[in-house]
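Colleague: Once you've had a glance at the structure underneath, I'll fire off some questions.
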Amino acid sequence: MTGSTRSKKSSAETDQPPSFEAQLAELESLVEALESGDLELAESLDRFKHGVELSRSCRAMLDAAQQQVDALLDEDALNPNDSNADPEAGSDET
């Protein structure tokens with residue numbers, strides 16, 4: 001049991017899924033390996049499946065980020081007098 005606990009990541013690393021950037025980097029690495037043509041068929045298929053999973057995960061993260069951006073833009077559209085608005089928009093030049 002001690003051998004398996006040594007190879008595991010710390011609890012802080014396992015509590016959160018890998019970042020978008022980490023998953024994208026892994027996906028790019030998989031694509032390079034697949035494009036090299038050096039893998040056996042079974043290994044290629046396994047890596048391709050993992051690549052599809054990574055691609056779907058990245059897409060979900062991008063969709064969630066887009067929803068957040070859209071929500072923020074909608075809030076700005078509903079509150080044009082917000083303090084975060086362009087400071088020069090309301091300035092009086094006389």
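No lab work stands behind these numbers, since they all come straight from the coordinates. All values derive from a computational prediction rather than experimental measurement. Because the Cβ atoms are built from the backbone with ideal geometry, glycine has one as well, and the counts that use them run over all protein chains shown.
Colleague: Would you work out which of A42, L72, V52 lies farthest towards the positive end of the dipole of the stretch 19-78, given +1 charges on the beta-carbon of Lys and Arg and -1 on that of Asp and Glu, about the Cα centre?
Modeller: Projecting each Cα onto the dipole axis, the largest value belongs to A42.
Colleague: About its Cα centre, what dipole magnitude does the stretch 19-78 give when the only charges are +1 on Lys and Arg Cβ and -1 on Asp and Glu Cβ, stated in debye to the nearest 20?
Modeller: In debye, rounded to 20, the stretch 19-78 gives about 180.
Colleague: Can you figure out the FRET efficiency of E32 with A71, using R₀ = 35 Å and their beta-carbon distance, to the nearest 0.05?
Modeller: Here the calculated transfer efficiency is 0.45.
Colleague: Report the normalised scattering of the stretch 19-78 as log10 I(q)/I(0) at q = 0.12, 0.16, 0.17, 0.28 Å⁻¹, calculated by the Debye formula with identical scatterers on the alpha carbons.
Modeller: Values, matching the q order: -0.41, -0.58, -0.62, -1.06.
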